[in-house]
Amino acid sequence: MTDDTLLDRALIRLEKAASHLQIDQDVIEKLKYPRETTKTRLLIRMDDGSRKSFLAWRCRYDDTRGPTKGGIRFHPDSTIEEVETLAFWMTFKCAVMNLPYGGSKGAVRVDPRTLSKSELERLSRAYIQAFARTVGPDRDIPAPDVYTNAMIMGWMADEYSQIVGNVSPAVITGKPIALGGSLGRNDATARGGFYLVQHLARELGLDHAHSVAIQGFGNAGQYYARLTADAGNKVVAVSDSTGAIHRADGLDVEKLIAGKAAGASVTALAGEVGASVIEAADLIAVEADLLVPAALEDMITRQNAASIKARVVLELGNGPVTPDADGILDERGVVVLPDILANAGGVTVSYFEWVQNRQGFYWDLEEIHSRLLKIVEREGRAVWSIAQDRQVSMRTAAYIHALGRLATAIEAHGTQPFFTS
Ligand code: NAD
């Protein structure tokens, strides 16, 4: 591993895509740096009467294509660099799907499991108090991310409404349905990835009963497991932060989801589903047609990429494959369906939520699913075609697709040749 930062490594993808396009240097100059990143400390009253402060950030990376959109993460290891990188990815993710948004991200450096429910509510409200002038339905629209959920979004939307003095549900997506959330948001990330795999299955060489290994059995991982198992595929291995389990004949996904909901780790459920416990690090090396990393960043690196047996990797998590691991997978003919396309179902249904909040008219689940399917198939097919035409990886193709849209928007304000001719 080099000492490049996470953002440096993300920018490698931008430069690679740019080398395939005739774009003005203005575009790269604009997209190389975040537009604004605000850092603050949230000071909250703890249950024992003491005060405690938590580092928090909000980054609006680029808003050329519309108000910025991006989740809020509560994590003890969050850093400004991670927030900026995630905001960069959001910029490209929204452009890949042609959503009228730029990209942003936020985080609080906290282990939410150490907070009581009341402390968690105070921290969530404090985040909005601190960033009330940054966020807004026409400016920057947060959503859930790792260790944040619908209830937290509901508190945040409520806090924002109190500050601005009117009910403003469109300021945040991923809210509870009762507070203006959209149907279909819960499983949208997994569903988007699932629709993508289904749509490209023939081209990817995946048959109707393929086997799947899932790293990270949280929101995205569990819903993917359910969707793929219901479609007749076999989930042969899953993992969480405590370890991994494997069963070559397929795992009982519903039992595992119920067990996780009751607070058990996947390894604690191994006996119940007749699985063997394996090292968490060995999950990516199990025999499976499809590997789904759905945990955190940098899970597949130069050190372990060669051990992957799957022919296709679906990045439901953000940034699980490092650029040097990309090279190894490319050489071995493993197709990586990149995060900015593979997990964009979440932000797409978030967009639907925002649209519904603004129009005050709500769609049924069938409409949500059919609109999501249409967008995933349209953009997935476009990225596949770019990859074939230019003989590049799906990742480079996705960046080319997104960068083309961003460049068109940035260049519409005038470029160097325009101002100097
Ligand atoms: P989550 O917190 O619900 O789940 C994460 C899971 O990963 C947990 O089960 C955790 O135990 C597991 N994990 C952590 N470290 C691990 C390790 N070293 N090995 C194996 N498992 C490990 O989070 P989520 O919402 O499912 O998000 C997962 C990924 O998907 C993140 O990268 C997130 O940014 C991305 N994502 C999520 C959404 C969404 O709508 N939820 C949308 C887009 C992208």
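Distant-in-sequence amide contacts of I214, defined by a placed amide H-H separation under 5 Å and a gap of 5 or more residues or a different chain, comprise A237, V238, S239, V292.
Estimated purely from DSSP H runs of n ≥ 4, each contributing -39500 (n - 2.57), the mean residue ellipticity at 222 nm for the chain is -13500 deg cm²/dmol once divided by its residues. Cα gyration tensor of region 164-302, axes a ≥ b ≥ c as square roots of the eigenvalues: rounded (a/c below 1.5), prolate (a/b > b/c) or oblate? Here region 164-302 falls in the prolate category. In this structure, the amide hydrogen of D140, modeled 1.01 Å from its nitrogen in the peptide plane, lies closer than 5 angstrom to those of T68, counting only residues at least 5 positions away or on a different chain. For region 1-90, lysine pairs with C-alpha atoms less than 25 angstrom apart, excluding pairs fewer than eight positions apart on the same chain, total 8. Taking trypsin sites (Lys or Arg not before Pro) across region 131-218, the ones in a DSSP loop with at most 13 further Cβ atoms lying within 10 angstrom of their Cβ are R133. The phi-based Karplus calculation (6.51 cos²θ - 1.76 cosθ + 1.60; θ = phi - 60°) puts the 3J(HN,Hα) values of region 340-352 at 5, 9, 5, 10, 7, x, x, 5, 5, 6, 4, 4, 4 Hz, whole numbers, x for Gly and Pro. Taking the Cα centre of region 264-319 as reference, the dipole from Cβ charges on Lys and Arg (+1) and Asp and Glu (-1) amounts to some 140 debye.
Taking θ as phi - 60° and the Karplus parameters 6.51, -1.76 and 1.60, the scalar couplings of region 390-401 work out to 9, 6, 10, 5, 4, 5, 4, 4, 5, 5, 4, 4 Hz in sequence order, x denoting glycine and proline. Placing a pseudo-label 7 Å from each Cα along the Cα-to-Cβ vector at S19 and A132 gives an inter-label distance of 4.9 nm.
Of the trypsin sites (Lys or Arg not before Pro) found in region 226-316, those that fall in a DSSP loop while having at most 15 other beta-carbon atoms within 10 Å are R302, K309. Structural descriptor for region 285-421: relative contact order 18 percent, calculated from alpha carbon pairs under 8 angstrom and at least 6 residues apart. What the chain shows is 41 Å² of accessible area per residue, with the surface traced by a 1.4 Å probe over protein heavy atoms.
Put the Cα centre of region 364-397 next to the Cα centre of region 274-334 and the gap is 22 Å. In this structure the amide hydrogen of D63, modeled in the peptide plane, comes within under 5 Å of no amide hydrogen from residues 5 or more places off or on another chain. Summarising the label geometry, the points placed 7 Å from Cα in the beta-carbon direction at E81 and Q359 lie 4.3 nm from one another. Relative contact order of the chain: 17 percent, from C-alpha pairs under 8 Å at least 6 residues apart in sequence.
For the chain, a simple Cβ point-charge model (Lys and Arg +1, Asp and Glu -1, everything else neutral) yields a dipole of about 920 debye relative to the Cα centre. The mean sequence distance of close C-alpha pairs (under 8 Å, at least 6 residues apart), as a share of the length of region 58-129, puts its relative contact order at 40 percent. Using a 7 Å offset from Cα along Cα-Cβ at D230, what residues in region 319-363 end up with backbone N under 19 Å from the label point? Answer for region 319-363: 343-350, 363.
Per-atom-type breakdown for region 304-421 gives carbon and sulfur 52% of the accessible area (1.4 Å probe, protein chains only). Measuring r between the beta carbons of E377 and T420 and using R0 = 51 Å, the FRET efficiency lands at 0.75.
Among the protein heavy atoms, those of E279 account for about 120 Å² of accessible surface (1.4 Å probe, every chain in place). Relative to the current alpha-carbon distance between S385 and V164, full extension at 0.36 nm per residue lengthens the span by 75.0 nm. Using only the Cα atoms of region 241-360, build the gyration tensor, take square roots of its eigenvalues as a ≥ b ≥ c, and label the shape rounded, prolate or oblate: rounded if a/c is under 1.5, else prolate if a/b is larger than b/c, else oblate. Taking the square roots of the gyration eigenvalues as a ≥ b ≥ c, region 241-360 is oblate.
Among the trypsin sites (Lys or Arg not before Pro) within region 15-50, those in coil by DSSP and having at most 14 neighbouring Cβ atoms inside 10 Å are K32. Here S241 sits with roughly 120 square angstrom of accessible surface, probe radius 1.4 Å. Straight-line reach from K234: taking Cα to Cα under 20 Å and skipping same-chain neighbours fewer than 8 places apart, the lysines in range are K255, K260, K309. The calculated FRET efficiency for A412 paired with K32, based on their beta-carbon distance and R0 = 25 Å, is about 0.85.
The values are calculated or read from the model by the stated rules, or taken from the named source; none is laboratory data. Everything numeric in this text was worked out from a predicted model, so none of it was measured. All Cβ positions, even for glycine, are placed from backbone atoms using ideal geometry, and neighbour counts span all protein chains on display. Only protein heavy atoms, including side chains, enter the accessible area calculation; ligands, DNA and RNA are left aside. Shrake-Rupley method; radii C 1.70, N 1.55, O 1.52, S 1.80 Å.
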